[in-house]
Each structure stands twice: as structure tokens, then as C-alpha cells.
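Asks: One structure, pasted below without further comment.
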Amino acid sequence: MEKIPYEEIPLIEEEIKIYKVGDEILREEAEEVKNIDGELVDFVKKMFYTMYNNRGIGLAATQVGLKKKFFIADLTLNQEPGKKLVILNPVIVESEGEEIGEEGCLSVPGVTENVKRKERVLLRGISLDEKEIEIEASGLLARVFQHEIDHLKGKLFIDYLSPIKKALIIKRLKKQRKQEGW
Ligand code: NI
């Protein structure tokens, strides 16, 4: 298997607001990234800081209010250096197998549910230094890729649950949102 194109990126210690269930942006489709400038790179640095602070392993741009097609990931929760991934304009070009596993999401606080995903995927995209990248992933990394790409299409993992279960979760979160004021 080819080397995974991890990025060396310092953090900018500024937390960005994470949008949550009920916020319209989570249901909107992101737009292709056409230009990688310093502003975007700084935003990515803040995204990593925000993701680590909230103990997430993946974060899509739309979750932090930017309607652009990219996501970041780090399966180690910043416990190992040099495991940061930034994928711009990601597309899954091949996939195989199925696997059920537990998922959560920073935009769906406090909820974990089993979701069926492809077991292996081949992902294509662009790195932060504008190189075309291709990553073969399986297991948790493949799951994160599918989850984050869904975000960029306006889809959440709770959409895979039964309508009853999904409605209950949304109702509970709506109540929680009101009580906690987020
Ligand atoms: Ni998510």
C-alpha cells in the first residue's frame, strides 16, 4: 500500500464554532475548492485545533461554517505527531465490502450509533500543497472518509438510522439545544 500523504501543519489556537443538528448549513452541499490561499490554510490550522479540543477524529468544513469541499482527519486525536490529513475535493472512486461500526459526530453531540459502511475505499483528492492524492483505506479510516464526505453532501450519520430512531434523536437534541442554549 502506498504511503498516506500526512501533512505537517502547526495549529492556530483559535476555536471555531461547530454547527450542530438543526443548523441549516449541515444540510447544504459544499462547493469545490478552486483556490488554496493563506486564508484557507489558516482556517485548516484552526480546524485542527477545534477538532482536537472537542476530541474528534474527523471534521468537515461545513461543520465549522465553511461551505467548501474538504475535510481534515487524525485518527490519533493528536496523540502521535504527523498524522494529520487534509483532503480537498475528495471523491471515493472505488469501494468494496461492508462493515458495521459505531459512529459519533461533533455535530450530533452525545450520540453514538452503529452504521453500515464500505469496508475498503479508494479515495482521490487534492492535498493542501495542491498535489493529487490517492489513498487506499480500510476499517476506521475508510469509515471516517465516508462520514466526512457525507457531510460535504449535506448528509449526517443519523440519516442511516430507522426513521423512528432518527426522529427520537433529533427531538432529544432539540430539547437539549434549548436547555443548554447552543
Ligand atoms: Ni461528523
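Asks: Here's a check for you: in region 157-182, which residue that is out of contact with any Asp or Glu (no Cβ under 7 Å at 6 or more places or on another chain) and not in a helix (DSSP H, G or I) is farthest from the ligand (Cβ to nearest atom)?
Replies: Here the answer is GLY181.
The rows are residues; the columns are (1) crowded, with 16+ Cβ neighbours inside 10 Å; (2) within 16 Å of the ligand (Cβ to nearest atom); (3) in a strand (DSSP E or B); (4) of a type outside the set (A, V, I, L, M, F, W, C).
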position: GLU94; (1), (2), (3), (4): no, no, yes, yes
position: GLU99; (1), (2), (3), (4): no, no, yes, yes
position: GLU102; (1), (2), (3), (4): no, yes, yes, yes
position: PRO109; (1), (2), (3), (4): yes, yes, yes, yes
position: ARG117; (1), (2), (3), (4): yes, yes, yes, yes
position: VAL121; (1), (2), (3), (4): yes, no, yes, no
position: ASP129; (1), (2), (3), (4): no, no, no, yes
position: GLU134; (1), (2), (3), (4): no, no, yes, yes
position: ALA137; (1), (2), (3), (4): yes, no, yes, no
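Asks: Follow-up question, since we're still on this one. (1) of a type in the set (A, V, I, L, M, F, W, C); (2) crowded, with 16+ Cβ neighbours inside 10 Å; (3) within 16 Å of the ligand (Cβ to nearest atom): which one isn't true of LEU88, the others all being true?
Replies: For LEU88, the exception is condition (3).
Asks: Six or more apart or on different chains, Cβ under 7 Å: which pairs go from a residue in region 30-59 that's within 16 Å of the ligand (Cβ to nearest atom) to one that's small (Gly, Ala, Ser)? Could you list them?
Replies: Once the first residue is within 16 Å of the ligand (Cβ to nearest atom) and sits in region 30-59, its partners that are small (Gly, Ala, Ser) give ALA30/ALA61; ILE57/ALA73; GLY58/ALA73.
Asks: Would you confirm, using the coordinates I've provided, whether GLY65 is open to solvent by 20 Å² or more (accessible area, probe 1.4 Å) and within 16 Å of the ligand (Cβ to nearest atom)?
Replies: Details: open to solvent by 20 Å² or more (accessible area, probe 1.4 Å): yes; within 16 Å of the ligand (Cβ to nearest atom): yes.
In short, yes.
Asks: Among residues belonging to region 139-152 that are open to solvent by 10 Å² or more (accessible area, probe 1.4 Å) and more than 12 Å from the ligand (Cβ to nearest atom), point out the one that is farthest from PHE48 (Cα to Cα).
Replies: GLY139
Asks: Quick test for you: out of LYS17, LYS45, pick the one residue that is open to solvent by 60 Å² or more (accessible area, probe 1.4 Å), modelled with pLDDT of 95 or more and out of contact with any strand residue (DSSP E or B) (no Cβ under 7 Å at 6 or more places or on another chain). Before the answer, list the steps.
Replies: Details: LYS45 fails: open to solvent by 60 Å² or more (accessible area, probe 1.4 Å).
Every option except LYS17 fails the conditions.
Asks: Pick from region 103-141 the residues that are among the hydrophobic types (A, V, I, L, M, F, W, C) and touching a Ser or Thr at 6+ places or on another chain (Cβ under 8 Å): which of them is farthest from ILE4 (Cα to Cα)?
Replies: Selected residue: VAL121.
The values are calculated or read from the model by the stated rules, or taken from the named source; none is laboratory data. Here the structure is a predicted model, which is why all the values come from computation and not from measurement. Here Cβ is always computed from backbone atoms with ideal geometry, including for glycine, and neighbour counts include all displayed protein chains. The accessibility values were calculated without ligands, DNA or RNA, using every heavy atom of the protein model including side chains. Shrake-Rupley method; radii C 1.70, N 1.55, O 1.52, S 1.80 Å.
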